[in-house]
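K.L.:
Handing you a structure now.
The values are calculated or read from the model by the stated rules, or taken from the named source; none is laboratory data. These numbers were taken from a predicted model, which means no experiment stands behind them. Cβ coordinates were reconstructed from backbone atoms using ideal geometry, including for glycine residues, and neighbour counts include every protein chain displayed. With ligands, DNA and RNA removed, areas are computed over all heavy atoms of the protein, side chains included. Shrake-Rupley method; radii C 1.70, N 1.55, O 1.52, S 1.80 Å.
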Amino acid sequence: MSQNHQLSATDVKLGYGERTIVEKLSITLPPDKFTVIVGANACGKSTLLRGLARLLAPASGSVYLDGRAIHQMSTREVATVLGVLPQTPVAPDGITVADLVGRGRYPHQGWFRQWTATDDAAVASALQSTDTLDLAQRAVDELSGGQRQRVWIAMALAQRTDILLLDEPTTFLDINHQVEVLDLLTDLVRTQGRTVVAVLHDLNLACRYADHIVAMQGGRIVAEGAPAAVMTSAVVKTVFGIDSEVVIDPVSQSPMIVPIGRHHRLKQAVPAE
Amino acid sequence: MNVNVQFAPAATVAAARRKLRTRHRLVTAALTLIVLALVAAALTIGDYPLPVAEVVTSLLSPFTGVTDPASDFIVLGVRLPRAITGLLAGAALGLSGVIFQTVLRNPLASPDIVGITTGASSAAVIAIIVFHATGLMVALSATGGAVLIAALIYALSWRGGVTPYRLVLVGIGMAAIAAAITSYLFTRARIFEVQQALAWLTGSLNGASFDTLGPLALGLLVLGPVATILYRPLASLELGDDAAKALGTRVEVTRLGTLLVAVVLAAFATATVGPIAFVAFAAGPVARRLLGPAGNPLLPSALVGAAVTIGADLIAQHALGRNQLPAGVVTGAIGALFLIYLLAAANRSGRGG
Amino acid sequence: MTVAAAEQRSSRVPARAGGLLLLGVVLAAVLFLSITVGARPIALGDVLAAIIAPAPDSTTHRIILELRLPRTLVGLLVGAALGLSGAILQGATRNPLADPGLLGIQSGATLCVVLGISVFGITTLSGYVWLAFLGAGIAAVAVYLIASMGREGATPVKLALAGAAVTAALGSVTSAILITSVETLDQIRFWQVGALTGRTTDILLQVAPFLLFGIALALTTGRILDGLAMGDDVARGLGQRVQLNRAFAGLAAVILAGGAVAAAGPIAFVGLTIPHVARAMTGPNYRWILPYSMLLGPILLLGADIIGRVIVPPGELQVGIVTAAIGAPFFIAFVRRRKLAEL
């Protein structure tokens, strides 16, 4: 995991059938950084993530992994470098947690290679870091939404890839587990030098955790860069169409977006630094 | 962090996996025993009473050289081929069914429902009623019919890829056409031809012999291991197309490969014994319920299929006194009753599927 | 936001209502053709004359009143019943493969008719009606009871599996009888295809009350099915009594499917495919899927029946065969063309 893999997209056009959602978009994901994609519903952020993860082939343009067109690479080879947690994976009826997370080891196994202690260890550490080890023998469909979400994250972690793409990994999670998951993803970046890309809903958590933030609107990137540089109330207005005030998060010193809404007019414009 | 702490989680995971593996082995072993017991019963029970000792002597006669023409004919010439045919056909149907249900993510989507068996049936009925064919020709056209309709279904579902949902719907459409052909011929043919066709459509082990078993045996021998190899990508396909792709599974290749295996197995089995009802449908759900969360259902499903087929044939031959019925009449009843029992009683978690 | 949503909704309603109207017009045309087309073509004037002032000695009038009209009305009711019951069964079990054929209803009816022929020597179409109805009812109750056992009651998957199991079990008994009794096979093979041939006024009068009642019941289930479509938990959250409602919708479907199989024999294809076509035209809202299915069903069934009458003169092709032979290619083309919404 020490080697730095690089993921980028050039002029990609992404969509479903006739409907184009992302047009002529280029992006380079900074390696060894935590990148967060934010935007309103239906702005194309999940579509972009699916495109980057080679789950969706671009109509034109290309996604490059280490300079090679990702759709021309063997999907197995990609899977050893790049892991994805899609938005709506399906848990087969009755499957246990350990079994499901174990399926994340798929790309590391050959046709005839048996399950080894390395696989057990990878599954165990994935379960441990998502706080689901004690669920190992439980059936996935008996878990709560939050537990299930953490199990899916564990499956993506068990894949042990340098690049990890996650589509809304904190949905269904309590605030404590949201923070835990984001802490965990940050650990992966800081201590193991992995590249993590996540689509997040919570703007303030996004600003707090992201090294690099990408704000999207209408299938285009409106702004990208360090959260402190990018997240201004003007950008928030463009992306979410809402008035807000940007203050400093007292805990992390990152920008904190305070939405205003109709019932709370700004009484006194407090100058933000 | 000391070594112990680091080590414990992996042990927990290994323990979880071991537990499932143990259950899988237990279920597989129990099913194997049941199948063996049924084969033994099929070799000893019959109109011509033979003590167990003589059955064993006959079975061993090719090795020992101790022969007895009468009992050798009964055991080696009649009962053994019949039991082996039941074993192989049942296993092939069970395996085929569970593969279809897994790939298409629908417990109803067995080859009998999505058109494969229907295609084989109408091809065979055409051969019987229009061309007055018998034996090998009927078997050949059944195989051809199954493969042809499967190819058509896949081709017609293809639009830059295949989705399970579209495959199922196109399968229903093709099945309807095939069934209409059968119905049409049934209303136009003379009644004795209809009777002959119906006998084939019911499916039976009558007339089983080692001579006609070659393709089915070879098919299982080759495709069984192929299915086992394909199970791992199939297991990631169960997580949904996106998750499977993310794990590096070649989704279309896996889908096509596994379906091909399932189609050929169903085709050979149907050609050999006719479209025996419900084995392909019931084997998967029954095996999955016995396994619980314990993973790979392929071998257990094949064993369930074999057990149901041999057991049904035993009942069909002997339960109703002189009235011998084809096995296909009984498989539906047995498979259904067993599935109903599992649905009602052994349904610990109350879930379906 | 809300204004936009309301606008969007209101702009769809006229489109869907217009579609419904269009289907109504098509159905009227099909009904007209069904009365006039046949071995003896009949002019519109004769049809009107036969209805308003029937002349007892006119062969044409007798054909219209005793053959074409009842046959057309039976086809109309059966088509509507099959379309509706298919839509309800697919919605209530959330399975795109559910239909009267897979949930035991048709195999129950078939077995009862087979028993009636082989044991009681009943060989008239109107005799079959009651037998088929009885069999359909028994099979449906059996399926529901089996699926209701176990902890969570009748979940969609258990219903589907129980239906398939009962179908197989009943089918086994049916084949056992047919294999041992040539006379029964000879009778049943013409009924089993599914046909409107020879459905006269007495059969119409036997089944019409049930089918009309079932249709009325079915059209009220839209709200229930829309709730169930989102999963049992959401439906429960929306205040539905899930098991009760599913049973109610199921009852409507069984009355319709039972009546249809009693009137015309087991026709598989209509109930299975019409709801998919309706769903693709209307979107996922059952309050629209149901009326669309109700109109599309008889359009397909009567259309097929008309074609069956003229395609192999002087004979006829049974409607069960023609619906599949003509409907299936259409259905496949349709499946290919559209991005179908999954259930």
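K.L.:
Given the conditions (1) of a type in the set (Val, Ile, Thr); (2) under 15 Å from B:Pro275 (Cα atoms); (3) open to solvent by 10 Å² or more (accessible area, probe 1.4 Å); (4) in a helix (DSSP H, G or I), report the number of the one that B:Thr102 does not fulfil.
P.N.:
Tallying (1) of a type in the set (Val, Ile, Thr); (2) under 15 Å from B:Pro275 (Cα atoms); (3) open to solvent by 10 Å² or more (accessible area, probe 1.4 Å); (4) in a helix (DSSP H, G or I), B:Thr102 fails exactly one: (2).
K.L.:
Scan the stretch C:102-116 residue by residue and report those that are away from chain B (no Cβ under 14 Å) and either free of Cβ contacts under 8 Å to residues at least 40 places away in the same chain or surrounded by 24 or more Cβ atoms within 10 Å (Cβ to Cβ) (or both).
P.N.:
C:Ile105, C:Ala109, C:Cys112, C:Val113, C:Gly116
K.L.:
Still on this structure: Being open to solvent by 30 Å² or more (accessible area, probe 1.4 Å) and touching a His at 6+ places or on another chain (Cβ under 7 Å) is the filter; apply it to the stretch A:51-79 and report the residue that is nearest to the other protein chains (Cβ to nearest Cβ).
P.N.:
A:Ala57
K.L.:
Which residues, taken from the stretch A:41-50, are in a loop (DSSP other than H, G, I, E, B) and open to solvent by 30 Å² or more (accessible area, probe 1.4 Å)? Talk me through it step by step, then tell me what you get.
P.N.:
Taking the stretch A:41-50 as the starting set, the residues that turn out to be in a loop (DSSP other than H, G, I, E, B) are A:41-44.
A:Asn41, A:Ala42 - these are the residues of the stretch A:41-50 that are in a loop (DSSP other than H, G, I, E, B) and open to solvent by 30 Å² or more (accessible area, probe 1.4 Å).
K.L.:
Within the stretch C:122-141, can one find any residue that is within 13 Å of another protein chain (Cβ to nearest Cβ), open to solvent by less than 20 Å² (accessible area, probe 1.4 Å) and under 27 Å from B:Pro275 (Cα atoms)?
P.N.:
yes
K.L.:
Let me confirm something: among A:Lys45, A:Lys13, which residue is touching a Ser or Thr at 6+ places or on another chain (Cβ under 7 Å) and basic (Lys, Arg)?
P.N.:
Testing whether each residue is touching a Ser or Thr at 6+ places or on another chain (Cβ under 7 Å) and basic (Lys, Arg) leaves just A:Lys13.
K.L.:
So, one more: The conditions are (1) over 20 Å from the mean Cα position of the chain (by Cα); (2) at the interface with another protein chain (Cβ under 8 Å from one of its Cβ atoms), and A:Lys24 fails exactly one of them. Which is it?
P.N.:
Going through the list (1) over 20 Å from the mean Cα position of the chain (by Cα); (2) at the interface with another protein chain (Cβ under 8 Å from one of its Cβ atoms), A:Lys24 breaks only (2).
K.L.:
Starting from the stretch A:215-230, take each residue that is open to solvent by less than 10 Å² (accessible area, probe 1.4 Å) and list its partners that are among the acidic types (Asp, Glu) and not in a loop (DSSP other than H, G, I, E, B), counting only C-beta distances under 6 angstrom and pairs at least six apart or across chains.
P.N.:
Pairs found: A:Gly219/A:Glu23.
K.L.:
Condition first: part of a helix (DSSP H, G or I), surrounded by 13 or more Cβ atoms within 10 Å (Cβ to Cβ) and more than 29 Å from the chain's Cα centre (by Cα). Now tell me which residues in the stretch B:26-57 satisfy that.
P.N.:
Result: B:Glu54, B:Thr57.
K.L.:
OK, next. Quick check on this structure: which one of B:Leu136, B:Leu140, B:Leu60, B:Leu108 is within 21 Å of B:Thr163 (Cβ to Cβ) and either of a type in the set (A, V, I, L, M, F, W, C) or surrounded by 16 or more Cβ atoms within 10 Å (Cβ to Cβ) (or both)?
P.N.:
Going through B:Leu136, B:Leu140, B:Leu60, B:Leu108 in turn, just one is within 21 Å of B:Thr163 (Cβ to Cβ) and either of a type in the set (A, V, I, L, M, F, W, C) or surrounded by 16 or more Cβ atoms within 10 Å (Cβ to Cβ) (or both): B:Leu108.
K.L.:
Do we find a residue being away from every other protein chain (no Cβ under 14 Å), at pLDDT 90 or above and more than 29 Å from C:Phe190 (Cβ to Cβ) anywhere in the stretch C:254-273?
P.N.:
Checked against the condition, which is being away from every other protein chain (no Cβ under 14 Å), at pLDDT 90 or above and more than 29 Å from C:Phe190 (Cβ to Cβ), the stretch C:254-273 yields no hits at all.
K.L.:
What do you reckon, is A:Gly94 in a strand (DSSP E or B), facing chain B (nearest Cβ under 7 Å), crowded, with 17+ Cβ neighbours inside 10 Å and not aromatic (Phe, Trp, Tyr)?
P.N.:
Here the answer is no, as A:Gly94 does not meet what is asked.
K.L.:
Which condition number does B:Ser204 fail, the rest of (1) small (Gly, Ala, Ser); (2) without any contact (Cβ under 8 Å) to a residue 24 or more places away in the chain; (3) crowded, with 21+ Cβ neighbours inside 10 Å being met?
P.N.:
Against the list (1) small (Gly, Ala, Ser); (2) without any contact (Cβ under 8 Å) to a residue 24 or more places away in the chain; (3) crowded, with 21+ Cβ neighbours inside 10 Å, B:Ser204 comes up short only on (2).
K.L.:
Which one of the conditions (1) under 25 Å from B:Asp211 (Cβ atoms); (2) touching a Leu at 6+ places or on another chain (Cβ under 6 Å); (3) open to solvent by 10 Å² or more (accessible area, probe 1.4 Å) does B:Pro326 fail to meet, given that it meets all the rest?
P.N.:
(2)
K.L.:
Using the structure shown, decide if B:Phe268 is of a type in the set (Phe, Trp, Tyr), surrounded by 22 or more Cβ atoms within 10 Å (Cβ to Cβ) and under 30 Å from A:Gly94 (Cα atoms).
P.N.:
Numbers: of a type in the set (Phe, Trp, Tyr): yes; surrounded by 22 or more Cβ atoms within 10 Å (Cβ to Cβ): yes; under 30 Å from A:Gly94 (Cα atoms): no.
Here the answer is no, as B:Phe268 does not meet what is asked.
K.L.:
So which residues in the stretch A:130-182 are part of a helix (DSSP H, G or I), farther than 22 Å from B:Ala11 by Cβ and open to solvent by 20 Å² or more (accessible area, probe 1.4 Å), if there are any at all?
P.N.:
A:Asp141, A:Glu142, A:Gly145, A:Arg148, A:Gln149, A:Ile175, A:Asn176, A:His177, A:Gln178, A:Val179, A:Glu180
K.L.:
Right, something else. Looking only at the stretch B:317-341, how many residues end up being part of a helix (DSSP H, G or I) and at the interface with chain C (Cβ under 9 Å from one of its Cβ atoms)?
P.N.:
Looking only at that region, the number is 13.
K.L.:
Right, another one. Could you list, in sequence order, all residues of the stretch C:181-191 that are facing another protein chain (nearest Cβ under 7 Å) and open to solvent by 30 Å² or more (accessible area, probe 1.4 Å)?
P.N.:
C:Val182, C:Asp186, C:Phe190 - these are the residues of the stretch C:181-191 that are facing another protein chain (nearest Cβ under 7 Å) and open to solvent by 30 Å² or more (accessible area, probe 1.4 Å).
K.L.:
So is C:Gly163 within 14 Å of another protein chain (Cβ to nearest Cβ), in a loop (DSSP other than H, G, I, E, B) and closer than 19 Å to C:Ile105 by Cβ or not? Give the steps one after another, and end with the answer.
P.N.:
Numbers: within 14 Å of another protein chain (Cβ to nearest Cβ): yes; in a loop (DSSP other than H, G, I, E, B): no; closer than 19 Å to C:Ile105 by Cβ: yes.
Answer is no for this residue.
K.L.:
If we keep just the residues of the stretch C:64-101 that are outside any loop (DSSP other than H, G, I, E, B) and open to solvent by 30 Å² or more (accessible area, probe 1.4 Å), which is farthest from the other protein chains (Cβ to nearest Cβ)? It would help to see each step written out before you state the result.
P.N.:
Looking only at the stretch C:64-101, we keep the residues that are outside any loop (DSSP other than H, G, I, E, B), and these are C:64-93.
From the residues that got through so far, the ones that are open to solvent by 30 Å² or more (accessible area, probe 1.4 Å) too are C:65-67, C:69, C:73, C:76.
Working: C:Leu65: 28, C:Glu66: 24, C:Leu67: 20, C:Leu69: 25, C:Leu73: 24, C:Leu76: 22 Å.
Applying the filter and picking the extreme gives C:Leu65.
K.L.:
Pick out the one residue from C:Ile52, C:Ile88 that is more than 22 Å from C:Thr197 (Cα to Cα), touching a residue at least 24 places away in the same chain (Cβ under 8 Å) and of a type outside the set (Phe, Trp, Tyr).
P.N.:
After applying the criteria, what remains is C:Ile88.
K.L.:
A further question on this structure: Can you tell me which residue in the stretch A:105-129 is nearest to A:Asp183 (Cα to Cα), limited to those that are buried (at least 22 other Cβ atoms within 10 Å of the Cβ) and at the interface with chain B (Cβ under 7 Å from one of its Cβ atoms)?
P.N.:
Per the criteria, the residue is A:Leu127.
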